[in-house]
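Notes follow once the structure below has been shown.
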Amino acid sequence: MDIAEILNLDPQRIWNHFYSLTQIPRPTGQMKEVTRFVMDFGEALNLETKQDGVGNVVIRKPASKGYESSKGVIVQSHLDMVPQKNMDVKHDFAVDPIKTYIDGEWVKARSTTLGADNGIGCAMMMAVLEDNSLQHPPLEALFTIDEEVGMDGANGLGKGFLKGSVMLNLDTEEEGELCIGCAGGRDVNVSFLFQPDKEIDKGDVAYKVSLQGLKGGHSGVQIHLGRANANKLMNRFLKDVVTNYEARIAGIEGGSLRNAIPRESFVVLTIPEQLSDDLIDLVSEYESLFREDFAGIEENISFKAEKTDMPDALLPEEVQDDVINAVEACPNGVISYLADFPGVVESSLNLALVQSSVDSVEIKLLVRSSTESRKDWICSSVESLFLLAGAKVEFGGDYPGWQPNAGSGLLHTMEKIYLEKYDKRPKVVVIHAGLECGIIQSNVEQDLDIVSFGPTITGAHSPDEAVRIATVEKCYDYLVETLENLK
């Protein structure tokens, strides 16, 4: 596209900064260049700019005249993005910029994630920092690192790094909603270890079976939509073909990121040559079955098999069967809903990755829950299941939920502003996605009054990610007016 298209969108300050961020590769774990970019930005404005031990950046802007005695306000977004792309696209997230384009009312990326989650929030913060015409209390713009995998930036935030007592998080994805709580999470890591089986029947042939075209998406925000999980679908087929067609699994690669609903799965298997036609027919039958089961939800399911080179080794039959049975039995999707917020997910489980190597099968899951008790229970259940199957189970990446504050003065102010400005009430929500708010609160010495909001973003954590153009300007205007009213 013509680069000028996105740069001419309003507010130009925001879209200019967002475009700059799209030119910097910033998948989780690759933060050096983007944090340097943000620090250079703050220093060029002659603002106090600091970086903590893990890499988070804070830029401080003094209060406007008349706001000197106001409570300090923290505005916060994360710098990293989820790297997801369609299989037919050549894109290296470690070096290639994101290619954006305008599609009607939306800005999108060409077959990759866009990075509006949370690049738009970062761009709005940069616009506030550089605009000296705005009226506001003492400001701290906190740019956290590595949120998408492990919440490392928020978890590593040092006490004393922040001074403010009010925080505006800009990482939610529906304009008109004010978020006051979110789920916590915990990683579950499962390992099946084995010695590879190198005895392959001479009469066997090898096939690569590919499941593609699923929507995927954010494993918190979109987990309730009933989208297909590629690992669960592939495993359903594998149980049948192994049980009834003498197939053996040589390798499997399903899913890509823990916090993304898996969109694709690929398996190399062997099967007696005389059953080749039966395999092709079975794959076709399952493609029709999957499309029927997910009619109205998944429109582009593709399930194909093609001959491939013979592998050097196979999973031992016992391990193969244990993996298939455990994945088949493992829950996936929504586990429970919140009683106080009808329709809002309380807890969920995302069976995110199933991947084999020469001597192991690794399964990675993400448990989300608004309550610690439910999170513990789900983790215990999953642990018991995989232990019974002979696997090793470990936990990590634990982070707390963010509990709603019904007496929030910040929320009251923001509700009033929204009603007066747009003649309707904002929707106050608790979301199932993991935000950094609860972690940041636990890592500072002072009590924080926190509200999260943002523009409308759809398809986060997938190549369908898009941000609605009009909501960016509306959200920014609302941010500016909120700051003006926090005197």
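The values are calculated or read from the model by the stated rules, or taken from the named source; none is laboratory data. Owing to the predicted nature of the structure, the values given are computational and were not obtained by experimental measurement. Note that we place each Cβ from the backbone using ideal geometry, even for glycine, and neighbour counts take in every protein chain shown.
Per-residue answers, yes or no, for (1) touching an Asp or Glu at 6+ places or on another chain (Cβ under 6 Å); (2) outside any loop (DSSP other than H, G, I, E, B):
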| residue | (1), (2) |
| --- | --- |
| Val128 | no, yes |
| His136 | no, no |
| Gly185 | no, yes |
| Val188 | no, yes |
| Ser210 | no, yes |
| Ala228 | yes, no |
| Met234 | no, yes |
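Listed here are the residues, each with its yes/no results for (1) assigned by TED's automatic domain parsing to the domain that holds Ser111; (2) more than 27 Å from Leu9 (Cα to Cα); (3) in contact with a helix residue (DSSP H, G or I) (Cβ under 8 Å, 6 or more places away or on another chain); (4) crowded, with 18+ Cβ neighbours inside 10 Å.
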residue: Ile431; (1), (2), (3), (4): yes, yes, no, yes
residue: Ser462; (1), (2), (3), (4): yes, no, no, yes
residue: Glu465; (1), (2), (3), (4): yes, no, yes, yes
residue: Val472; (1), (2), (3), (4): yes, no, yes, yes
Return the residues of the stretch 277-311 that are in contact with a Lys or Arg (Cβ under 7 Å, 6 or more places away or on another chain) and exposed (fewer than 12 other Cβ atoms within 10 Å of the Cβ); say none if nothing qualifies. Glu306
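If you check Gly150, Gly158, Gly216, which single one turns out to be outside the structural domain of Asn56 (by TED's automatic domain parsing), part of a loop (DSSP other than H, G, I, E, B) and within 22 Å of Gly434 (Cα to Cα)?
Gly216
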Being in contact (Cβ under 8 Å) with a residue 12 or more places away in the chain and among the polar types (S, T, N, Q) is the filter here; which residues of the stretch 378-436 pass it? Ser381, Gln403, Asn405, Ser408, Thr413
Residue check, Phe341 against (1) closer than 10 Å to Val188 by Cβ; (2) assigned to a loop (DSSP other than H, G, I, E, B), all met but one. Which one? (1)
Of the residues Asp96, Asp88, only one is in the same structural domain as Arg26 (by TED's automatic domain parsing), without any contact (Cβ under 8 Å) to a residue 40 or more places away in the chain and either in a loop (DSSP other than H, G, I, E, B) or under 24 Å from Thr172 (Cα atoms) (or both); which? Asp88
Do any strands (runs of 3 or more DSSP E) entirely within the stretch 363-452 hold 2 or more residues that are among the hydrophobic types (A, V, I, L, M, F, W, C) and at pLDDT below 95, and if so, which? 427-431
Considering only residues that are in a helix (DSSP H, G or I) and β-branched (Val, Ile, Thr), look in the stretch 261-294 and name the one that is farthest from Lys202 (Cα to Cα). Val283
